[in-house]
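Participant: There's a structure below that I have some questions on.
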Amino acid sequence: MKKIASAVLVRQLPRERTCTVELIELDLPARTGADPAARCIVTVRQELQESSLTATPCLQAEAERRMRDFIRRRLAAGERLMRHEGLAGLDALTPQARITAPTPASTPQPVPTPITALVARFQPARWKLESAERRARAAWRVAECSDASSPASPAQQALRSLVPRLVELLDSGNDLLDLCLAVAIGRLGDPGATEAMQALSQRGRSPATCRAARQAWLMLLTPEAREAHADTLLPSWEAELESEKSGVDLVDQIDAGLEARSSDWASLLLDWYDIAFVRPGPRAVLLRLLKALPLEVGTFQGVRYVYKAAEMRRDAQVVGLLHARFENTTAMQGASGSRDYRSPKTGGWLKRATGGARSPARAFGGRTRDYLRLRGWRTVRRLAALSHPHAPELAVDMLLGLVDDEQPPPREEQRWEYIDRQYQRSSRLHHRGAGWMLLPKLLLANMPDLHTSARAKRWWTLQPLDASRPMPERTEALRAMWDAHPEALLRLAMESRSALVNAVAARALQDHANFVREQDAAVLEVLLQRPYAPTAALGFDAARAHVEDTTDTAVQVPWLKLMSASTHAAARDYALLHIAGDPASFARHADLVVALLFSVHERARKQGHGLALLAAPDSLLNELLDAMLAADAADPGLAEGAALAEQLLQGPLQQAAASWQGLGSLLPLLDHPAVPVLRLAVSWLLMHPAGVALVPPVLLTRLLGAEDADRRACGARILAALSDDVLRQQVELLCTLALSGHAGVRAAIAPALLRLALADEQVGRAVASRLHDGLFQTEAGEGQHDDILRWLTADLQAYAPARDASGTWRALQARSGGAQRYGAWALASLAITDFSLRQLATLARHADAGVRQWSMQAIDQTLSAAPTPKQSADLLPLADAAFDDTRAYTQQLFGERLPDDSLDVELLIAWVDHPQAWVQALGRSRLVRRMSAADASLCLTRLSQHPGTQVQLFVTQWLLELPSDDAPRLAQQLRALTPYFLTVLSQVHRGRVAKSRITDFLRAQIAAPETAAVVAEIFARQVVTASLTDKPQYVAGLRDIAARHPQIELPFLAWKAPALHSA
């Protein structure tokens, strides 16, 4: 096996994901009837999922064609080609949005007068007349005017001629001059000054000069020398330089590495930035680090060093990123950092403010933050005044740092202002980005309603600012710079994530409409997909002009595809209306039809469905197959588009799909990671008479064993299409799929399962038994029991098991709702005599209304006019009914239809002891009718422990029925009832009537000493625990006992003096 070619695609949104495509040549033995050169396959790997673009090995030319088509479609869908090898011409497929800048004038330009005057200032005769400050300014001016992008221009040639003179002026004793000269020499790019810069980087008078000279030396090195120098930096940081982390995780990883290596952030960031000069991988990690690195003591010094180095290299991306950090980060308050630094010569620590009384510096304090924010604007302004080409690039990168999602939400500030000799209330509207100092200076300088604070630290308006439309007038500063570089405005419109920036850029680009119209399709596609209406409208105007410039539908189709997929509603409406004007002509373009069919927007999908009815079936099917192979599971509109395509295949395209010759090309779709594509491929495959025979068993097994239920459902559809002879050997598998918790799997396998069951009685009974067992298990998914019941009670009714009284009773008493419903269905076919009266009473309280109704009718037919006590006792389960119909039936049956002779005392006591209140009341009323002394002991014993107050009161009626002629026996009964007496007498704020009855009864039972002793024990306890209201009764009863039976010891009635203890 040999890899011939490979490509890696990257998808950024909604999350970053890589896709690897490989063309592989297999080591296959010669096959009979096959081309020996057909040995190539194309594999696609996305994260953990792998699929193929080739069903069987094919020729290398065909494999390359499929690989190219796949890559082309994924690039058109917004993915990016990260790297590739072995396949030429892929770079031409990449629709890179490269902005076409205006062509500059080709006429030779003389050296500008200011440059001539600047060069003349370095003549020795004039130089010695300049002050130290003016000398440094002159050197810095040379650095500002230098432009490495056009070294052949007369102005740059004149400036580069100064390099020998600038080297000669080094080490003049002025540190500031040395620093400015180093920056100028580095930007001029004369390699002859390399050694001078290397020497200055080692002997500079200050660390700032050493760092500037080091950067100049790096800028003057050849690419090979820079690469060699990068190899010597950070030798033990390889893992961190290639880290995949970001945000806080990356900062923590680097911080831990610094502590382990005893290093600091300043030296690390400088060395890392030097490596980033030549290596894109470490540069990407560094950019992620700078976005998250906190601006605080310990880290800010290194960030500032990188900022100054980026300014010197004119690295607009890094400068813009750090400027956004300065704008968005609040200045530090509190603890200050040290002003000490290590001398590059001696290695000792020096004070930054030698001999002064300055306090230690605060890292990124308020003044530092304001200085850095203003520095960015001043740099852009000075470069724009020089018409320097770096000015618009720097301005764009700084404005791109403004992101709406990172800004505080808009707010309204209420203020009182003194107007017309009185205080009036006014409102200030602070929009997103109101804290950015750069915006009022660079973007909104000419806005009439703009108000700023004293130093433009904040800005606001008095009227709402509508960023959903282009600005009424141009508001940006440096208008000459923007007009000279409309490509910078276009880049803002394509990349900015600020609605305000897009509104300003869109208004400025309206003055450059022809420039926008000249851009490539990839640029206009980006504009059309922008979520900001002003920017999308620019792309729409340009694309519409291209459509209206020609009548050739083939030329119009690419632009119509872009507009139909745009986020701009007007662009979509125009494209769809234009297509609707000549549907027959546009239906000939299968790529347009499929693009509309899989659009994100419903209206476009409907129009694509209509065009598909007019399209040529073969070309449409071929385009549909290629589009499905390149589809991504994350593509919006894929599921809806695949559903529409499936409707077409089952409708007007059914005949063409069933007779399609390229059936084998569908097999790669069965491994596609997107379920909608897989579902469409299965439907398409099953339309062909021989389609299922092409599916490899290994592929079918993989689908049936997939973790995703939707993929298993597709496998079940293929399995169900196999012949009955094959399926008879897989009855257990069919039953397992039929009991799946996923509705799609059950629906896919049901036709085959029922077909087999109805054709073979033995299979039918086995399937019905397995389904019946599934009803007694917890429902694995919504609707599972519904499907099983539908099969058992309809298609498999003849084989439905356990339909006798025993099986029905088991099903009705099961916890599973499905089993209960099966029992209710089976109950209708049984006779009343198959169940006992107690079973009927139990079924009458069933959750199923049909079961309850059947049971109550059965009870009416079974119960005679004068039921026996046993029959009445069997009806007791009715009292537990929780449903209104059964409860009403039970109340009428117990209260009216059961005579007193049918109720024995045991049953009535059970009624009184029942938890239902209405049953207790009915039991008490029926028990009172037959109150007798013979039943008193039984009732008291059975009901005395009931917790209900009504039952406790009812029990007091039976106390007087106790036999009092035998005192020992009565005392024994009273002792047995003592817990009942204590429970009632100890109740607080309730049971007053019952307490009074019991107290009077007990006081009446003190005639005999046996009973008096029991009463004394009860009253003695209640005297201690009872309330003041009840206590006098107990005390009086105890005194009566003491007077009548002095032999009973009542120690708390006589005072006993405590024994005296001697010291």
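Laboratory data are not the source of any read-out in this text; all were calculated from the coordinates shown. Note that this is a predicted model, so its numbers are computed, not measured. Here Cβ is always computed from backbone atoms with ideal geometry, including for glycine, and neighbour counts include all displayed protein chains.
Participant: Applying a 10 Å radius around every beta-carbon, put 630-643, 795-808 in order of their mean neighbour count, most first.
Facilitator: Averaged packing, sorted descending, gives the order 630-643, 795-808.
Participant: Follow-up question, since we're still on this one. Counting other beta carbons within 10 Å of each residue's own, what order do ARG187, ARG815 fall into, fewest first?
Facilitator: ARG815, ARG187
Participant: If you don't mind, there's one more thing I want to ask. Once label points are set 7 Å from the Cα along Cα→Cβ at both GLN422 and SER769, what is their separation, rounded to one decimal in nm?
Facilitator: 9.8
Participant: Determine, for SER723, SER986, the number of other Cβ atoms within 10 Å of each Cβ, and report the residues in order from fewest to most.
Facilitator: SER723, SER986
Participant: Grab the other residues whose beta carbon is less than 12 angstrom from that of GLU238, score K and R as +1, D and E as -1, and report the net.
Facilitator: -2
Participant: Can you work out the Karplus-derived ³J(HN,Hα) for every residue in segment 878-893? Use 6.51 cos²θ - 1.76 cosθ + 1.60 with θ = phi - 60°, whole Hz, and x for glycine or proline.
Facilitator: 4, 5, 8, 4, 9, 10, 4, 5, 5, 5, 5, 5, 5, 4, 5, 5
Participant: Would you mind calculating the gained length between ASP520 and GLU227 on full extension (0.36 nm times residue separation, minus the Cα-Cα distance), in nm to one decimal?
Facilitator: Roughly 101.9 nm would be gained on extension.
Participant: So for the pair ALA616, LYS291, with labels modelled 7 Å out along Cα→Cβ, what separation do we get in nm?
Facilitator: Modelled inter-label distance: 4.8 nm.
Participant: Compute the signed sum of charges (Lys and Arg +1, Asp and Glu -1) over the other residues within less than 15 Å, Cβ to Cβ, of PHE883.
Facilitator: Summing Lys/Arg as +1 and Asp/Glu as -1 gives -1.
Participant: Take peptides 248-260, 1007-1019, 74-86 and line them up by average Cβ neighbours within 10 Å, highest first, as a rough protection proxy.
Facilitator: Output ranking for 248-260, 1007-1019, 74-86: 1007-1019, 74-86, 248-260.
Participant: Using a Förster distance of 45 angstrom, determine the FRET efficiency expected from the C-beta separation of GLU195 and ASP449, and round it to 0.05.
Facilitator: 0.20
Participant: Which peptide among 465-472, 776-783 comes first, and what is the full order, when sorted by highest mean count of other Cβ atoms within 10 Å?
Facilitator: Descending mean neighbour count gives 465-472, 776-783.
Participant: Further question on the same structure: Just to verify a number: FRET efficiency for GLN317 and GLU782, C-beta to C-beta distance, R0 = 45 Å, to 0.05?
Facilitator: It comes to 0.30.
Participant: Now for a different question. For segment 275-286, take each phi angle, set θ = phi - 60°, evaluate the Karplus expression 6.51 cos²θ - 1.76 cosθ + 1.60, and give the result in whole Hz per residue in order, putting x for glycine and proline.
Facilitator: Whole-Hz 3J(HN,Hα) from phi for segment 275-286: 5, 5, 4, 10, 10, x, x, x, 5, 4, 5, 5.
Participant: Moving to a separate point now. Provide the gained length on full extension for the span ARG367 to GLN972, in nm with one decimal, where the gain is 0.36 nm per separating residue minus the Cα-Cα distance.
Facilitator: My answer for the length gained is 208.0 nm.
Participant: Summing +1 for each Lys or Arg and -1 for each Asp or Glu, what net charge is found among the other residues whose Cβ lies under 10 Å from the Cβ of GLU495?
Facilitator: Its environment carries a net charge of +2.
Participant: Here is the link list: LYS870/LYS995; LYS3/LYS561; LYS3/LYS291; LYS308/LYS441. Which ones come out longer than 28 Å on Cα distance?
Facilitator: Result: LYS870/LYS995; LYS3/LYS561; LYS3/LYS291 exceed 28 Å.
Participant: Another question, then. Dipole magnitude of segment 2-93 about its Cα centre, charges +1 at Lys/Arg Cβ and -1 at Asp/Glu Cβ only, in debye to the nearest 20?
Facilitator: About 260 debye.
Participant: Using amide H atoms built in the peptide plane, which far-off residues or other-chain residues are under 5 Å from ILE4 H to H?
Facilitator: When sequence neighbours closer than 5 places are left aside, the close amide H contacts are LEU23, ILE24, GLU25.
Participant: Compare the Cα positions of PRO867, SER829, LEU592 along the charge dipole of the chain (+1 at Cβ of Lys, Arg; -1 at Cβ of Asp, Glu; about the Cα centre) and return the one farthest towards the positive end.
Facilitator: Selected residue: LEU592.
Participant: Something else: Hey, what number do you get for the chain at 222 nm if only DSSP H runs of n ≥ 4 count, each worth -39500 (n - 2.57), divided across all residues, to the nearest 500?
Facilitator: Here the helix-only value at 222 nm equals -16500 deg cm²/dmol.
Participant: OK, next. Rounded to the nearest 0.05, what FRET efficiency is calculated for ILE832 and ASP884 with R0 set to 25 Å and r the Cβ-Cβ distance?
Facilitator: Efficiency, rounded to the nearest 0.05: 0.55.
Participant: Shifting gears a bit: What angle do you read, to the nearest 10 degrees and between 0 and 90, between the alpha-carbon axis of helix 602-612 and the longest principal axis of the chain?
Facilitator: 80
Participant: Next question. For segment 610-691, just say rounded, prolate or oblate: build the C-alpha gyration tensor, square-root its eigenvalues into a ≥ b ≥ c, call rounded for a/c under 1.5, and beyond that prolate if a/b exceeds b/c, oblate if not.
Facilitator: oblate
Participant: Which of the following values of Cα extents along the principal axes in Å was calculated from the structure shown: (1) 148, 110, 70; (2) 146, 80, 65; (3) 122, 91, 65?
Facilitator: Correct label is (1).
Participant: Using alpha carbon centroids, what distance separates segment 815-840 and segment 974-1044, in Å?
Facilitator: That distance is 54 Å.
Participant: Sticking with this one: From the backbone phi of segment 459-476, what are the Karplus-calculated ³J(HN,Hα) couplings (6.51 cos²θ - 1.76 cosθ + 1.60, θ = phi - 60°) in whole Hz, Gly and Pro given as x?
Facilitator: Coupling constants for segment 459-476: 9, 7, 10, 9, 10, x, 9, 8, 8, 7, 9, x, 4, x, 9, 6, 10, 6 Hz.
Participant: Given the C-alpha centroids of segment 433-508 and segment 18-79, what is the distance between them in whole angstrom?
Facilitator: 50
Participant: Would you mind checking the tilt of helix 175-188 against the longest principal axis of the Cα atoms of the chain, expressed as 0 to 90 degrees and rounded to 10?
Facilitator: 90
Participant: Order of LYS995, LYS1031, LYS2 from fewest to most other C-beta atoms within 10 Å?
Facilitator: LYS2, LYS1031, LYS995
Participant: Please give the length that would be gained between ASP405 and SER864 if that part of the chain were fully extended, namely 0.36 nm times their separation in residues minus their C-alpha to C-alpha distance (nm, one decimal).
Facilitator: 157.2 nm
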